[in-house]
Each structure stands twice: as structure tokens, then as C-alpha cells.
Amino acid sequence: IPAFHACIVGAGLSGSVIAERYASWFRDRKVLMVEKRNHVGGNCYDYTDKATGIRVHKYGPHLFHTNHKAVWDYINKDDLQRRGAGGWIRWDHEVLASVENSHQGSTFVPVPINGISLNILFNLNLTTDEEVKTWLDLHRPRKEDRCTLSNEKRETEQKECQNAEDQCISRVGQDLYNIVFKTYTEKQWGRKATELGPEVTARIPVHGNFDSRYFQDPYQALPQKGYTRFVEALLNHSSITTILGLNFFEVRDILEDGKFCSELFFTGPIDAFFDEKLGKLEYRSLMFSPRVFFDVGESSHVQPSSVVNYPSPDVPWTRSVEYKQFLRQKSNHTIVVYEHGTKYVAGQNEPYYPVPNDQNRRLFKMYQELSKRLESLNQSDGNRKPKVHFVGRLANYKYFNMDEAILNALNLFDHLYVNIHGSGSGKG
Ligand code: FAD
């Protein structure tokens, strides 16, 4: 019997959900969690700032939202509440963009762009959803001049989008692109929009109505006690041992010994797992500059919304986040964190966003081939290594929202164990 049945690398949401499922489903099997940072939670990690008493998300603001009832039910499980997760509080996130317009000068408009934003930006008086949709449609290029994504339904004669700029203009028209999206995208990615893949702007939402909420999902909420407490609750199980501050690559020989672990779940970067032998996958990183404002008043704020985007080329940061506004926290002070897109340098900062271009897509496919070959190896074939599974955003080289990370981990677990072992195993 190996020392641990499952060894998991990375205590972000993906790894922690696998750990929780494994420990709850197989009640007698031991799980080892290895995390290189000195905290759990991965990029969702939050903490209480000492100077202000305000809860801050260390790696950028995280707003939970999902369409998936299964994910919502999972994060609200009684079992997790009993282990200290805390509840989820409904939170409809709203974002403003600080923009210049011709008739007012500097002003704030809701993002995603909707009827309210259009009225402010272009001095209009749109009053119905129909009018908003018609305005948006009239200001897009003519149908035959629009491009589509490769996986989108194509109307006759439409060409495929070549880059983020032609994709975005096709979607929102030149004016909105220039005012709201162009410079923001370029600041975020440090490249011209014409040098970025069309998928970069494909997810930018525009609403043909007057709904200013950032997300439209039926479930949107913030964890009452924070994300870190939620992840701690996932790992708070007698079968799970968590070691912080331990890099997989320092103990790889041990974790890849079948006598120590029979299954290995890796949630770190896929190219690192294979020693970057085919080349390095590119990432974009972020820099966070916090500023504390003292004695502003217990319920007062210094910006008009929790998150403000800055599409202007004259402002160096892309957005600013006033954490006090999340869940209407009380403090006599406030803290604003200014976010800048920056180059990723391994060992110096964090790999946040995969850079979507053909070269990275090709490289990832090659690593995926290697990972599939490894995943198909079976211990019973005389192979004394653990069975390896790649999970999470870094191993999939894909931007996952939190709900997607959770769903992915739940689906992988079901695929590996529940659908096979069925009712014979624990119900966790
Ligand atoms: P991660 O959280 O990255 O966890 C991976 C873990 O593995 C890390 O803790 C890392 O330290 C560890 N690890 C890596 N390599 C090793 C190693 N060699 N040894 C040991 N440990 C290792 N999603 C939303 O739904 N809503 C949002 O508002 C939102 N905002 C975001 C804002 C930003 C700025 C970013 C970057 C992401 C945002 N996300 C948001 C996405 C969210 O962060 C991810 O869905 C989630 O973090 C994915 O979890 P994960 O476990 O797959 O990866």
C-alpha cells in the first residue's frame, strides 16, 4: 500500500476540490496536498489587510458567478459549512469605465456597455431594449464586412477574424472600440490589438438592454468569510495532509514513486511538468500597487464603484479596485489597488493569463499529447510510477473562471471514480 493514495500538487480551487472529493468519497484513503506558496487558495487567496481591516484579494478581484447549478450546490454543501466554509452572499458585481466623451469631458460609464453607457457616451436618449439593439447594430460594420470566429456560425461571404481588433470592431463598431476597448486591451496585453488572437476580445460582453450588472449568471455571490476560508474548509478533512511552502520539483522523485503515491494530480504549469523540453508557454502577468487612504469615514469610498476600468492611454493602470466596497465592509480607512498588465518572468512574478496565439496553441497541443500519453499509462503495466492527471488552469493552459475550475475538477473526479465505482463507494 502506498503512503498516500492521491498526491495533489497545488492548493488552488482545482486541486482542493479534487482533494475534498477524494477524501469524502474514499473515506479510508489518504491524500497529500503539496503547495509551493505559503498559503492555500491559489489565485483566489484573500486576507485581511492589517492597516485597514479590509479583506483584500491578493491576486486580483475575484467575483464568483455561475450558470451551473451543480457547482452552486457543491459550494453550498452543508458538509463544507460544518467545516467552516461560511455562506455565500448574493453580490451583483458592477464595473464603471472612466472615459472621455466629446460633450462632457471625463465621465464614468457602466461596463459591459449597455443602453445607459450609450446614452452617456454619445448623448443619446435610448429608452427601450429595441432601441439599444438597433443602435448597436447600426454602428457595427455592414454584415458582409464583419468577421467571425472560427467556431462561430458564418453568414455567407464573411471572413474569419484575424486578430483582436477586427473581431472587436465587428462586434461593437469602430467608435466603441476606440473609446472603450482598444487601449484597455493593449495596456492589458502589452501588444497591439492587431497582434493578439481574436479570442482575446471574443468574451467582451455588450448588452442590448439596460442591465449594468457585470455578469448575467443566475448565481453570483461572494464568500461571507472569504475564499481562503472556503478552500481551507475543502481541505479540512482528517484524510488530507497539507504541506505549504513545498515545490513539487524539490520532491518530484518521491511523489513520482509509485510506493509513495498511487495517483498524482498536477495543477501547475504543464510545460514546467515536462521540464519545458518542447519550449516555454507564454503568460501575461499583473502588477498590483496598493494605496491606503486613512480616515475617509466608516462607510465612505474614494471611487464610484468597487472596480473602475481605465481605457485611457494617459492612465498607466488598467483598473483600480476598492476592496472595501465588496460586501460593504466597514472601516474608517480604505484601500485601492491599481492593476497593471506586465511581462511574465518566471520566478519573479505570477503566470496569470495564457497568451493566445498560434505558436502557444501549437506548443500546448504538443504538451497535451505528452500528458495524454502519460495519463494512459497504467500502474499494472509494470509501471511503478503513479497514474498522473493534469487538472486546472495552468495544466490546461486555459483561462478558467472559478466555477469552470470547480466544474472541471468535479467532472474529472466523476469520470475517474464515480462513474466506474458507482454506488459501491462513499457518497461524500
Ligand atoms: P490556481 O489558483 O493558479 O492554483 C494553482 C496552485 O498550484 C497555486 O496555488 C500554485 O502556487 C500551485 N503550484 C503551481 N506549481 C506548483 C509546484 N511546482 N509545486 C507546488 N504547488 C504548485 N474567476 C472568476 O470566476 N471570477 C473572477 O472574478 C476572477 N477574477 C480573476 C482575476 C484575475 C486577476 C485572475 C488572474 C484570475 C481570475 N479568475 C476569476 C480566475 C480564477 O483565479 C481561477 O479560476 C482559479 O484560480 C483557478 O484555480 P486553479 O486551482 O486551477 O489554479
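A few points about this structure:
- For the stretch 1-81, relative contact order (Cα pairs under 8 Å, six or more residues apart, normalised by length) works out to 23 percent.
- In this calculation the C-beta distance from Asn349 to Leu370 is compared with R0 = 30 Å, giving a FRET efficiency of 0.70.
- For Gln158 and Ala3, a Förster radius of 60 Å and the Cβ-Cβ distance give a FRET efficiency of 0.55, rounded to the nearest 0.05.
- Estimated FRET transfer efficiency (Asp295, Asp145; beta-carbon r; R0 51 Å; 0.05): 0.40
- Pairs of Cα atoms nearer than 8 Å and 6+ residues apart set the relative contact order; for the stretch 111-202 it is 25 percent.
- A straight chain from Leu124 to Asp358 at 0.36 nm per residue would run longer than the Cα-Cα distance by 80.1 nm.
- Cβ distances below 4.7 Å define possible disulfide partners, and in the chain the cysteines left without one are Cys44, Cys168.
- Of all beta bridges that DSSP places with both ends in the chain, some 60 percent have antiparallel geometry.
- Across the chain, the fraction of Cα-Cα pairs farther apart than 32 Å, rounded to a whole number, is 44%.
- For the chain, calculated [θ]222 nm from helices alone, where every DSSP H run of n ≥ 4 adds -39500 (n - 2.57): -7500 deg cm²/dmol
- The string of couplings for the stretch 347-356 from the Karplus curve (6.51, -1.76, 1.60, θ = phi - 60°) is x, 9, 9, 9, x, 8, 10, x, 8, x Hz, one whole number per residue in order, with x for Gly and Pro.
- Principal axis dimensions, largest first and in whole angstrom, of the stretch 111-202 by Cα: 36, 34, 16
- Pairwise label distance in nanometres, Ala70 with Glu256, each label 7 Å out on the Cα-Cβ vector: 3.2 nm
- Extending 7 Å from the Cα toward the beta-carbon at both Asp414 and Lys192 defines two label points whose distance is 4.6 nm.
- Residue pairs, from the table Lys280/Lys372; Lys77/Lys324; Lys30/Lys385, whose Cα atoms sit over 24 Å apart: Lys77/Lys324
- For Lys36, the lysines whose Cα comes closer than 19 Å to its Cα, not counting residues fewer than 8 places off in the same chain, are Lys58.
- Separation of alpha-carbon centers, the stretch 247-289 and the stretch 1-25, rounded to whole Å: 16 Å
The numbers here are math on the coordinates, done by the rules we state, and not lab data. Keep in mind it's a predicted model, so treat the numbers as computed, not measured. Every residue, glycine among them, receives a Cβ derived from its backbone with ideal geometry; neighbour counts consider all protein chains shown.
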